[in-house]
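The structure appears right after this line, and notes come after that.
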Amino acid sequence: MTETRSVVIERDIAHPPAKLWRALTQPHLIAEWLMQNDFAPQVGHRFNLRGEWGGVLDCEVLTLEPETTLAYSWDFKHEDPAFDLRSVVTFTLTPTAAGTHLRVEQAGFRPDQKQAFGGAMAGWKAFLDKLEPVLGALNG
């Protein structure tokens with residue numbers, strides 16, 4: 001078995017888990033901070049994330065524990081198989097006195113996928129920067 005690496009980004013969010021959960025699981029909100037999608041909050045649901053760069057990610061909901069954990073596969077097929085990425089993204093929400101501690105982990109980068117690993121590290125930081133204003137605009 002090949003050893004893999006994970007990108008982990010953690011943030012303290014000044015909103016309750018219920019509000020953050022909505023932004024992670026409602027397709028129109030996901031589109032505002034992550035990518036266009038056909039997500040549905042059901043284990044086993046297969047969906048696509050469509051990036052602004054034209055790429056399509058094939059995904060499947062693996063874990064769904066409301067307001068606690070969401071995990072889905074995050075697979076990208078490239079014309080050059082050396083650049084194929086098979087990974088799992090897991091969002092973990094922990095209530096805090098000030099809101100929610102959010103942990104995002106994307107696991108499954110092969111050692112030779114340094115560019116993809118670096119891109120994911122920068123990408124998740126940018127996605128989460130876009131998530132904050134989406135949460136601020138939500139009622140409740």
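Of the GluC sites (Glu not before Pro) in region 64-140, which ones lie in a loop per DSSP and count no more than 14 other C-beta atoms within 10 Å?
Values: sites: E67, E79, E105; in loops: E67, E79.
Passing sites in region 64-140 are E79.
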Subject >> Footprinting exposure proxy for M121, M35 (fewest neighbouring C-beta atoms within 10 Å first) >> reply: M121, M35
**OP:** Would you mind computing, in nm to one decimal, how far apart the modelled labels at F127 and R50 are, each placed 7 Å from Cα along Cα→Cβ?
**Re:** 1.8 nm
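FYI, it's all coordinate maths here, none of it is from the lab. In this text the structure is predicted, and so the values were computed from the model without any measurement. No Cβ is skipped: glycine too gets one built from the backbone with ideal geometry, and neighbour counts run over all protein chains shown.
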